[in-house]
Structures are given as structure tokens and as C-alpha cells.
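A short worksheet on the structure shown next.
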Amino acid sequence: MKYDLIGKIADGTQLTRRATADILKGISVAVFAQFRTNPESFIAEAVRLINEQKATMIIEHLAYDPVEDKFDIDIFTAGQAKQDFSKAGDKLKRHIYDYVITDSGIERKFVETLDTCTEVIVYAKLPRGFLIPTPVGDYNPDWAISFKEGAVKHVYFVAETKGSMSTMQLTKIEETKIECARKFFDEMNRKYAPENVKYDVVKSFDKLMDLVK
């Protein structure tokens with residue numbers, strides 16, 4: 001099988017063929033020889049490495065400009081009827097729905113604590129249609145939380161829950177999306193809601209409360 005090496009890497013990295021060729025010219029002969037042994041693996045690894053390097057460079061020059069676009073309320077209801085709630089757990093008190101589908105044990109524990117916290121008024125697992133555009137792909141934060149005013153420093157909080165904050169366990173693409181989200185919400189604060197809407201990555205409810213109290 002023949003492979004369009006430059007074309008496939010260019011497609012995977014959204015670079016021009018010329019830029020891709022220039023990068024490949026810098027690869028040592030020994031490393032480039034791996035392409036003949038396993039072309040698919042070579043292409044996949046080349047795309048990954050190039051995208052990671054792009055990610056670290058792009059974030060330094062990124063800026064968000066607010067627009068008038070808004071999400072309709074049905075973003076929270078679209079697709080709900082198709083979900084399997086058989087493993088959703090107990091009925092909730094503070095979530096916008098009676099039940100919520102979580103993606104991991106970490107999220108389930110997060111829900112259990114949010115739902116019993118007296119400082120939380122209402123919270124939502126953000127729908128997959130709520131996306132922040134970034135240069136390395138759209139990004140979907142996990143949660144939106146509204147706290148009781150006066151009980152905490154910030155009335156609103158948009159959070160991303162991660163099991164580990166170790167950078168060794170987050171890919172460069174994930175790190176870049178998170179940094180883009182920080183810039184996105186910083187701009188939202190600056191223009192619309194000074195010091196009210198906060199975004200951060202937390203690994204537990206205790207860490208979240210450390211940030212807002």
C-alpha cells in the first residue's frame with residue numbers, strides 16, 4: 001500500500017504541504033527509516049508531536065472576542081430522552097435535572113457532594129453541545145455551578161473535573177484546551193460579569209471550595 005506521507009501529515013496537522021515537508025526534512029535518517037517499517041504508526045506519531053508543538057505556540061497568541069451569539073435553553077434538553085438513565089444513581093436535589101449521567105467515578109463523587117452542599121444553589125452537567133472553540137479543537141467543560149451569594153467569593157463557577165492534575169497525565173492538546181478556556185472566561189468576566197464567572201480545573205469538591213471561599 002502506498003502512503004501520501006506529506007498529505008496525511010498535512011491533513012492531520014492542518015499545515016500546508018510545504019510546511020510539512022520542511023518539518024520532515026529535519027528528521028534524522030534513522031528516525032525517518034521507521035516510516036518504512038510501520039508507516040501508519042509513523043504518521044500517527046508525527047501528527048501527534050506536531051500538534052503538541054502547535055498547541056504550546058498557539059496559546060501564547062490567542063485572544064477571544066465576544067460575539068452576540070447565544071445558546072438557546074433547549075441545549076440542555078436536546079437528546080435527553082435518548083439517554084439511558086438506568087445507571088444514573090439516586091434522584092438529585094440541586095441539579096437542573098432529577099438525574100445526571102456521569103462519565104467516571106470522579107464525576108459521580110463530585111455530583112454526590114455538590115448535591116448536598118448548602119452553598120450550592122443549582123448546578124448542571126454541561127451538555128456536549130456547549131463548546132468553546134479552540135485552535136486545537138472544540139472544548140466542552142464539565143460543570144456549571146451557581147453558589148449562594150455571600151456564602152462564597154464567586155456566584156458562578158464553570159469547572160473541569162480531572163482525576164489528576166499531573167501534567168504528565170494530561171496531553172498537550174488537553175492542556176491547551178484548558179488554557180484556552182481560561183482565556184475565554186477571563187474575557188467573559190472582563191466584558192460581562194466582572195469577578196463572577198470563574199473557570200478552573202479541580203480534582204475534588206474540596207479543591208473547588210478552596211478556590212471559591
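The values are calculated or read from the model by the stated rules, or taken from the named source; none is laboratory data. No experiment lies behind these values; they were computed from the predicted model shown. Cβ placement follows ideal geometry from the backbone for every residue including glycine, while neighbour counts extend to all protein chains displayed. Keep in mind that these areas ignore ligands, DNA and RNA; they rest on the heavy atoms of the full protein, side chains included. Shrake-Rupley method; radii C 1.70, N 1.55, O 1.52, S 1.80 Å.
Give the ranking of 209, 57, 188 by solvent-accessible surface, highest area first, calculated with a 1.4 Å probe.
Working: 209 20, 57 125, 188 55 Å².
Descending order: 57, 188, 209.
Quick one: length gained pulling residue 108 to residue 206 fully straight, 0.36 nm per residue minus the C-alpha distance?
Working: separation 98, 0.36 × 98 = 35.28 nm, distance 1.45 nm.
Length gained between residue 108 and residue 206: 33.8 nm.
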*What figure in square angstrom, to the nearest 10, would you give for the accessible area of residue 210 with a 1.4 Å probe?*
110
*Can you give the accessible area per residue of the stretch 92-213, in Å², using a 1.4 Å probe?*
51
*Tell me, what is the 1.4 Å probe accessible area of residue 95, in Å² to the nearest 10?*
20
*Among the lysines, select those whose C-alpha is under 19 Å from the C-alpha of residue 203, and discard any that sit fewer than 8 residues away in the same chain.*
109, 125, 162, 172, 177, 213
*asked:* If you filter the stretch 1-42 for chymotrypsin sites (Phe, Trp or Tyr not before Pro), then keep DSSP loop positions with at most 16 other Cβ within 10 Å, what is left?
replied: 3
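Considering only protein heavy atoms, with the full assembly of protein chains and a 1.4 angstrom probe, order 118, 56 by accessible area, largest first.
Working: 118 90, 56 50 Å².
Correct descending sequence by accessible area is 118, 56.
Report the extension gain between residue 153 and residue 65 in nm, rounded to one decimal, defined as 0.36 nm multiplied by the number of residues separating them, less their alpha carbon distance.
Working: separation 88, 0.36 × 88 = 31.68 nm, distance 2.61 nm.
Full extension from residue 153 to residue 65 adds 29.1 nm.
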